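These notes are about the structure you will find just below.
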Amino acid sequence: MPFKQALVIRNDLGMGKGKIAAQCAHASLQAYLQSKDSQRKGWMQSGQEKVVLKVQGEKELLAIFNQAKKSGLPTALIQDAGHTQIAPGSKTVVGIGPCEEEELDRITGELKLL
């Protein structure tokens, strides 16, 4: 069974490419730390696949986050410290997984790539 991780970005904040990369790194690591050993191992053995997706705003981001949490998937919601481009506490990215690709696609399969 293939494993995957999804990073879901808020597209409405106007973050620069470097800011997006940093926020995705935070989300990837935090979600990874929430995962079970079996999920980590499966993901490492299947190539550490990641997909970066977008939503249009905070409401949609929180809906994805809550759906993933309710499904029992390893999930992280990142809030910015506000030192550079955006306001402190802004919810920027949700990281989901690593987990089985099929489980992840049930939640994120309709989202568009960044």
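List of remarks:
- For the stretch 20-114, dividing the convex hull volume of the Cα atoms by the residue count gives 96 Å³ per residue.
- Percent RCO, i.e. relative contact order, over the stretch 1-55, from Cα pairs under 8 Å lying at least 6 residues apart: 71
- Amide H contacts under 5 Å for Leu53: Leu7, Val8, Ile9, Leu114, restricted to partners 5 or more places along the chain or on a different chain, H placed in the peptide plane at 1.01 Å from N.
- Structural descriptor for the chain: relative contact order 43 percent, calculated from alpha carbon pairs under 8 angstrom and at least 6 residues apart.
- Modelled this way, with points 7 Å down the Cα-to-C-beta line, the labels at Leu29 and Ala81 are 1.1 nm from one another.
- For the stretch 1-47 and the stretch 54-71, distance of Cα centres in Å: 14
- Note, ³J(HN,Hα) from phi for the stretch 57-65, Karplus 6.51, -1.76, 1.60, rounded to Hz, x at Gly and Pro: x, 5, 4, 5, 4, 5, 5, 5, 4
- Protein-only accessible surface at a 1.4 angstrom probe places the residues Met1, Met15 in the order Met1, Met15, largest first.
- Within a straight-line Cα-Cα reach of under 15 Å, Lys59 can be paired with the following aspartates and glutamates, leaving aside sequence neighbours fewer than 8 residues apart in one chain: Asp12.
- Taken along the Cα-to-beta-carbon direction at a fixed 7 Å, the label points for Gln48 and Leu113 span 2.0 nm.
The values are calculated or read from the model by the stated rules, or taken from the named source; none is laboratory data. Since the model is a prediction, treat every value here as computed from it, not as a measurement. FYI the Cβ positions are ideal-geometry reconstructions off the backbone, even for glycines, and counts take in every protein chain you see. Protein only, heavy atoms only, side chains kept; ligands, DNA and RNA dropped before computing areas. Shrake-Rupley method; radii C 1.70, N 1.55, O 1.52, S 1.80 Å.
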